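Following: one structure in structure tokens, then a few remarks.
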Amino acid sequence: MTGKVYVRVYWEDTDAGGVVYHASYLRFMERGRTELLREKGIDQGALQKHSGLIFVVSDMNIKFRAPAKIDDELTVETAAHEIGGASLRLKQKVVRGTDVLVEAEVTCAVISREGKPSRIPPDIKAKLGA
């Protein structure tokens with residue numbers, strides 16, 4: 001299971017020098033994770049409304065390799081690495097052309113409205129390919 005999202009760097013994503021601010025990559029990768037779930041038929045809003053379950057980032061390891069700059073066209077690549085009982089591990093890359101700018105390993109946990117860990121429902125696991 002792999003997905004791609006295309007992102008253009010805007011002024012709001014950069015520091016005063018026109019270089020992408022490190023926290024902007026977190027937003028770009030959030031879009032990648034959300035779109036991957038959407039491509040698999042998982043509507044996070046509906047999941048929360050009907051079952052009270054939410055995917056949240058519980059762990060992230062990031063390597064910043066090279067900077068992106070204003071007006072760059074980037075691709076966020078997201079791939080499922082491991083699907084557990086109550087978590088989903090993903091590998092993400094932000095690339096410009098063939099250059100890898102950022103790599104991340106992300107663990108998303110499933111929690112209830114009350115913030116307690118919950119198992120991934122069987123129908124969601126099936127859509128994720130587990």
Among the numbered conditions (1) loosely packed, with under 13 Cβ neighbours inside 10 Å; (2) over 30 Å from VAL19 (Cβ atoms), tell me where ASP59 comes up short.
-> (2)
Within the stretch 80-113, which residues are over 30 Å from TRP11 (Cβ atoms), touching a helix residue (DSSP H, G or I) at 6+ places or on another chain (Cβ under 9 Å) and among the aliphatic types (A, V, I, L, M)?
-> ALA80, ILE83, LEU88, VAL110
Sort out which residues of the stretch 14-59 are free of Cβ contacts under 8 Å to residues at least 40 places away in the same chain and farther than 28 Å from ALA126 by Cβ, and write them in order of number.
-> ASP15, ALA16, GLY17, TYR21, ALA23, SER24, LEU26, ARG27
What number of residues within the stretch 2-22 satisfy the criterion of being farther than 21 Å from MET60 by Cα and either in a helix (DSSP H, G or I) or within 8 Å of the chain's Cα centre (by Cα) (or both)?
-> 2
In the stretch 76-130, which residues are under 18 Å from GLU35 (Cβ atoms) and either touching a Cys at 6+ places or on another chain (Cβ under 9 Å) or exposed (fewer than 13 other Cβ atoms within 10 Å of the Cβ) (or both)?
-> LEU88, ARG89, LEU90, GLY129
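One line per residue, one yes/no per condition, for (1) over 16 Å from the mean Cα position of the chain (by Cα); (2) closer than 20 Å to SER58 by Cα; (3) at pLDDT 95 or above:
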| residue | (1), (2), (3) |
| --- | --- |
| LEU74 | no, no, yes |
| ALA80 | no, yes, no |
| GLY84 | yes, yes, no |
| GLU105 | no, yes, yes |
| ILE124 | yes, yes, no |
Report the residue count in the stretch 107-118 for those that are more than 23 Å from GLN92 (Cα to Cα), within 20 Å of the chain's Cα centre (by Cα) and not small (Gly, Ala, Ser).
-> 1
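The values are calculated or read from the model by the stated rules, or taken from the named source; none is laboratory data. None of the values given here were measured: they were computed from a predicted structure. Note that we place each Cβ from the backbone using ideal geometry, even for glycine, and neighbour counts take in every protein chain shown.
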